Amino acid sequence: MPDLPAHSTDLDLRLVRYFTAVAEHGGFHRAADALHLAQPSLSRQIQRLEERMGARLLHRTQQGSRLTEAGRVFLPQAQELLRSVQQAVATTRAAAGPDEFTIGYTGGLIVTSAVREIRARHPDADVRTLHLTVGQVQGALLDHQVDAVLAREPFPTERLSVTALYEEPRVLVVPTRHRLAGRPAVTLADFADEPLVRYTDAVYDAFWCLAPRPDGQPAPKGPIAGTTADKLELVAGGQALALAPASVENVLLRRDLTTVPVEGIEPCRVVLATRSKDHGPLVNDFLGVAVNSMRR
């Protein structure tokens, strides 16, 4: 690569994190899934980092990718850099005391009572809330966009601390005119041949599509939904059915859809996620509030 101007060595920590993910997962495909990025986008971000570094960090081949000599030298330093930044932010925030605290939440989960309680306990703190998709949970925590997240598993939990709060049974979302609508309950055998709404994250998709099935067979391929609204539209349009947590009934506003309890499958788990080494007073206090007010 040609020599680059000195200012181009300013590093974007997000790009550094992308590089370590590719190295640690052994390739772009698995890293892209873990980061919830499209593989071409991840490849472009790594190229940007290489341009800034002035060195090729990864060899790309048809079989995958491997570290160059420069990449092998940079990897441990990159990992240490990310650890140092994370620790610096955590210790600085802890030393500053109550200031800003952002609570994330996903899906239709409700954090109102816990947020109200933490605001009452820390009137000088600026306590905020932020809605996230499940694919944003890990990144938002590690990038310090949020300090705690109420979410349903599964999602990537590397470098996170996860506290289980309660479990929810799962239901099947169907059109009101579907053959299963109105049943008191169903089992997997009742809808095994029907496609379910799919998701881009492989682990999340497997959990919510019951894949592979208990007999080892793959689940029927359904359309991919990017948002909850997209998922409901796919079901209402007759293109697929969808599994959802039972509490979806509280936010299911469409009159053309209904839910049926599903027996014989494991429930989903609601958890509180925080950064694994973040033990600031607000984090610990909110964890206690969440456990006491939400655990069932």
Which angle between 0 and 90 degrees, to the nearest 10, do you get for helix 112-121 versus the longest principal axis of the chain when only C-alpha atoms count? 50 degrees
Please compute the net charge surrounding residue 33, taking Lys and Arg as +1 and Asp and Glu as -1 over other residues with Cβ under 11 Å from its Cβ. -1
Can you figure out the FRET efficiency of residue 99 with residue 206, using R₀ = 45 Å and their beta-carbon distance, to the nearest 0.05? 0.65
Label-point separation in nm, residue 228 to residue 59, each point 7 Å along Cα→Cβ: 4.8 nm
Label of the coordinate-derived value, Kirkwood radius over Cα pairs in Å, listed as (1) 21.5; (2) 19.2; (3) 22.4: (1)
I want to check the label-to-label distance for residue 215 and residue 292. Put each point 7 Å from Cα in the C-beta direction and report it in nm to one decimal. 5.1 nm
Please turn the phi angles of region 71-86 into ³J(HN,Hα) values with the Karplus equation 6.51 cos²θ - 1.76 cosθ + 1.60 (θ = phi - 60°), one per residue in order, whole Hz, x for glycine and proline. x, 5, 6, 6, 4, x, 5, 5, 5, 5, 4, 5, 5, 5, 5, 4
Any idea what the relative contact order of the chain is, in percent, if you count C-alpha pairs under 8 Å spaced at least 6 apart? 21 percent
Helix-derived [θ] at 222 nm for the chain: sum -39500 (n - 2.57) over DSSP H runs of at least 4, divide by residue count, nearest 500? -12000 deg cm²/dmol
If I stretch the segment between residue 14 and residue 39 completely, what's the gain in nm (0.36 nm per residue apart, minus their alpha carbon distance), one decimal? 7.4 nm
Between residue 179 and residue 279, the two model label points (7 Å from Cα along the beta-carbon direction) sit apart by a distance in nm of 5.8 nm
Under 5 Å between amide hydrogens, which residues at least 5 positions from residue 104 or on another chain qualify, with H placed 1.01 Å from N in the peptide plane? 130, 147, 148, 149, 150
What do you get for the angle between helix 281-294 and the principal long axis of the chain? Use alpha-carbon atoms, 0 to 90 degrees, nearest ten. 10 degrees
Count the DSSP beta bridges whose two residues both fall in the chain, then state the antiparallel fraction as a percent rounded to the nearest 5. 65 percent
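Here, each number is a calculation from the coordinates, and none is a lab measurement. Keep in mind that this is a model prediction, so the values were computed, not measured. Quick reminder, even Gly has a Cβ in these numbers, built from the backbone with ideal geometry, and neighbours come from all protein chains shown.
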